[in-house]
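*Asks:* A single structure is presented below for examination.
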Amino acid sequence: VNEISRDVEHLAAEVVRECLQDGRGAGAVMARHPLLQGLGDDQKAAVARLVVRTVGALPRLQVALGDRLAGPAARRARVLVRAALVESGDREVSPDLPVPSRGELQSALAAIPGERERFAATHAVPGWLGDAFRAAFGDEAAHVLAGLAEPAPRTLRANLLRVGSRDELIGRLRAEGVDAAPARFAATAVHVRGTRDVFRTTAFADGCFEQQDEASQLAVLATAPPPGGRVLDLCCGSGGKTLALAAAMRNRGAVLATDVHAGRMRELRRRLPRSGADNVRPHELADGIDGDATLAAFARRADRILIDAPCSGTGSWRRRPEARTAIDARGLGEMRATQAALLDRAAGWLAGSARIVYATCSLLPDENERQVEALLERRGDLEVVRLAEILGNEVALPISDPAGAFLSLRPDRHGTDGFFAAVLRRRRSV
Ligand SMILES: C[S@@+](CC[C@H](N)C(=O)[O-])C[C@H]1O[C@@H](n2cnc3c(N)ncnc32)[C@H](O)[C@@H]1O
């Protein structure tokens with residue numbers, strides 16, 4: 001019996017066609033797709049899973065299918081979705097589409113001549129990224145990449161400005177038919193199983209939670225914003241971490257939330273009222289971070305400067321499968337230059353016992369440890385604050401690198417997005 005109905009396959013192909021044609025991300029296309037609006041929760045979730053699986057497998061399917069992907073985008077999308085189903089054993093071949101059997105798809109990959117190219121295609125990454133993963137993780141690279149190809153859990157953050165505790169949120173969700181359970185590492189994180197649409201609950205309408213991966217919640221924990229203090233969220237985007245910071249500060253003190261992207265800042269402003277946070281001041285950086293007087297004045301007196309930096313997004317492929325091919329080696333180089341510039345600027349603002357928290361949703365050392373090492377070479381007056389010093393050994397060690405210095409999360413180990421965070425301060429002796 002096929003669990004995946006023809007309707008689901010058809011709808012997934014429609015979404016994939018739009019992703020291919022417009023170059024938009026799967027999540028963005030699905031959020032407003034008219035064909036998905038009237039669907040029940042089960043069907044909507046099944047379509048979303050199949051779309052994410054197909055888009056995530058794209059670099060592999062393109063190699064395995066070759067000429068079979070010729071023709072208009074609508075047909076290409078149907079072939080790709082069917083191939084994703086055949087590949088995972090959810091559908092047998094049928095004569096209506098030119099998709100080979102599961103065994104033939106596997107043989108096509110096994111027949112790729114170069115070991116490097118075979119590894120990259122098998123794990124659905126461009127060759128240069130396959131190299132980068134192998135350089136970073138050695139024998140474990142395939143395991144890390146397999147973790148990134150798993151479906152992401154649905155994770156919520158209990159908003160303690162609106163509910164008394166995580167358990168209270170879980171109780172409210174269960175009473176509304178949502179299968180909710182505490183997550184492993186972050187005390188605010190809740191996993192949701194099943195397909196019930198959590199955004200149609202009164203708990204959501206009442207602002208009791210936000211959807212947020214556990215890794216991002218742990219980054220806020222590592223930031224340890226002092227309630228009553230001043231926190232700069234330099235790359236706030238649409239405010240996922242901003243809202244978590246505001247709640248961690250129990251609505252006291254002040255968060256200045258800045259970004260160069262006007263659309264994302266609008267989204268943050270839209271989210272604020274439901275969250276109950278009233279210690280957040282959104283401030284758009286219309287001309288970038290240089291020469292913005294409001295930013296500089298706040299930053300010089302901030303207790304924490306969170307840089308949730310623009311990055312390759314290699315840690316978040318489970319949710320944003322299109323990120324696998326959105327960046328090339330040159331784009332990564334530009335990204336690294338931006339990251340270094342943001343770090344240098346923040347280091348210039350740092351005063352007293354203030355801290356920089358540098359975070360990425362990347363698994364690539366070039367964007368993570370190497371950036372921190374390079375900053376420390378440029379700035380001898382800075383030092384790393386070990387995660388264990390901030391959170392204590394018991395909390396820190398399971399979520400940090402082997403040396404216990406950085407927040408270091410892997411989907412295959414922690415079940416979270418891939419994530420990195422380093423905390424820095426000025427050396428006390430200088
Ligand atoms: C990883 S995203 C931030 C996600 C966000 N903090 C959250 O938790 O939802 C990185 C953000 O950096 C912003 N950005 C890129 N270059 C920047 C710059 N020079 N100054 C400030 N923000 C920048 C991007 O617009 C993007 O929103």
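*Asks:* For the chain, what does the relative contact order come out to in percent, with C-alpha contacts under 8 Å and a separation of six or more?
*Replies:* So the answer I get is 13 percent.
*Asks:* R75 to A28: extension gain in nm, 0.36 nm per residue of separation minus the Cα-Cα distance?
*Replies:* Extending this stretch completely gives an extra 14.8 nm.
*Asks:* Rank A354, F133, L11 by how far each Cα sits towards the positive end of the charge dipole of the chain (+1 on Lys, Arg Cβ; -1 on Asp, Glu Cβ) and give me just the farthest.
*Replies:* A354
*Asks:* Between the helical axis of 127-137 and the dominant principal axis of the chain, each derived from Cα atoms, what acute angle in degrees is found, rounded to the nearest 10?
*Replies:* So the inclination is approximately 50 degrees.
*Asks:* Test of understanding: what is the full-extension gain from D287 to S353, defined as 0.36 nm times their sequence separation minus their Cα-Cα distance? List each step's numbers first, then the result.
*Replies:* Numbers: separation 66, 0.36 × 66 = 23.76 nm, distance 2.90 nm.
Contour length minus the Cα-Cα distance gives 20.9 nm.
*Asks:* For the stretch 31-105, what class follows from the C-alpha gyration tensor (a ≥ b ≥ c being the square roots of its eigenvalues): rounded when a/c is under 1.5, otherwise prolate if a/b is larger than b/c, else oblate?
*Replies:* It comes out prolate by the Cα gyration axes.
*Asks:* Under 10 Å, Cα contacts only: if you run a Gaussian network model on the chain, which one of V231, V63, V357 comes out with the highest mean-square fluctuation?
*Replies:* It is V63.
*Asks:* To continue, here is another question. Would you compute, for the Cα atoms of the stretch 331-430, the largest minus smallest coordinate along each principal axis and list the three values in descending order, in whole Å?
*Replies:* 37, 37, 17
*Asks:* What does the C-alpha gyration tensor say about the overall shape of the stretch 247-387? Classify as rounded when a/c is under 1.5, otherwise prolate if a/b is larger than b/c, or oblate.
*Replies:* Taking the square roots of the gyration eigenvalues as a ≥ b ≥ c, the stretch 247-387 is oblate.
*Asks:* Okay, moving on. Under a point-charge model restricted to the Cβ atoms of Lys and Arg (+1) and Asp and Glu (-1), what is the dipole moment magnitude of the stretch 118-162 relative to its Cα centre, in debye to the nearest 20? Write down the numbers at each step before the final one.
*Replies:* Working: 5 positive and 4 negative charges, 72 e Å.
Value, rounded to 20: 340 debye.
*Asks:* Something else about it: Between A142 and S5, what is the label-point separation in nm under the 7 Å Cα-to-beta-carbon projection?
*Replies:* 3.9
*Asks:* To the nearest µm²/s, what D does Stokes-Einstein give for the stretch 1-54 at 10 °C and 1.306 mPa s, using the Kirkwood radius over alpha carbon pairs as Rh?
*Replies:* In µm²/s, the coefficient is 143.
*Asks:* Add -39500 (n - 2.57) for each DSSP H run of 4 or more in the chain, then divide by its residues: what number comes out at 222 nm, to the nearest 500 deg cm²/dmol? Mind showing how you got there, number by number?
*Replies:* Working: 21 runs with 206 residues, N = 430.
Mean residue ellipticity, 222 nm, calculated: -14000 deg cm²/dmol.
*Asks:* Moving to a separate point now. Along its principal axes, what span do the Cα atoms of the chain show, with the longest given first and each in whole Å?
*Replies:* Projected onto its principal axes, the Cα set of the chain covers 71, 51, 43 Å.
*Asks:* Another question about this same structure. How are the C-alpha pair distances of the stretch 151-226 spread across 10 Å bins, as whole percents from the shortest bin up?
*Replies:* Reading upward from the zero bin: 21, 57, 20, 2.
*Asks:* Quote the FRET efficiency, to the nearest 0.05, computed for R330 versus R116 with a Förster distance R0 of 22 Å and r equal to the Cβ-Cβ distance.
*Replies:* On the way: r = 19 Å, r/R0 = 0.88.
E(calc), rounded to 0.05, equals 0.70.
*Asks:* Which whole-Hz ³J(HN,Hα) couplings does the stretch 298-310 yield from phi under the Karplus relation 6.51 cos²θ - 1.76 cosθ + 1.60, θ = phi - 60°, glycine and proline marked x?
*Replies:* With the stated coefficients, the stretch 298-310 comes to 5, 4, 5, 10, 7, 7, 9, 10, 8, 10, 8, 6, x Hz.
*Asks:* Antiparallel versus total DSSP beta bridges in the chain: what percent is that, nearest 5?
*Replies:* Antiparallel bridges make up about 60 percent of those DSSP assigns within the chain.
*Asks:* On to the next question. Rounded to the nearest 10 degrees, what's the angle between the helix 369-378 long axis and the longest principal axis of the chain, both from Cα atoms, 0 to 90?
*Replies:* Result, in degrees: 30.
*Asks:* Could you work out which residue, out of T416, T294, T338, moves most in a Gaussian network model of the chain, that is, has the largest mean-square fluctuation with Cα springs under 10 Å?
*Replies:* Comparing T416, T294, T338 in the GNM, the peak value goes to T294.
*Asks:* Provide the gained length on full extension for the span A297 to D67, in nm with one decimal, where the gain is 0.36 nm per separating residue minus the Cα-Cα distance.
*Replies:* 77.0 nm
*Asks:* How large is the charge dipole for the stretch 167-221, taken about the Cα centre, if only the Cβ atoms of Lys, Arg (+1) and Asp, Glu (-1) carry charge, to the nearest 20 debye?
*Replies:* In debye, rounded to 20, the stretch 167-221 gives about 160.
*Asks:* Only four residue types carry charge here, +1 at the Cβ of Lys and Arg and -1 at the Cβ of Asp and Glu. Report the dipole size of the chain about the Cα centre in Debye, rounded to the nearest 20. Mind dumping the intermediate values first?
*Replies:* Details: 60 positive and 55 negative charges, 197 e Å.
Dipole about the Cα centre, nearest 20: 940 debye.
*Asks:* Now for a different question. For the stretch 3-129, max minus min Cα coordinate along each principal axis, in Å, sorted largest first?
*Replies:* So the three principal-axis extents are 47, 32, 26 Å.
*Asks:* Next up: Can you tell me which of 314-320, 404-410, 175-181 comes out highest on packing, and rank the rest after it, using the mean Cβ neighbours within 10 Å?
*Replies:* Highest to lowest by the protection proxy: 314-320, 404-410, 175-181.
All of the numbers you see were taken from the coordinates with simple rules; none came from a lab. Quick caveat: nothing in here was measured; it's all calculated off a predicted structure. Heads up, the Cβs are rebuilt from the backbone with ideal geometry, glycines too, and the neighbour counts pull from every protein chain shown.
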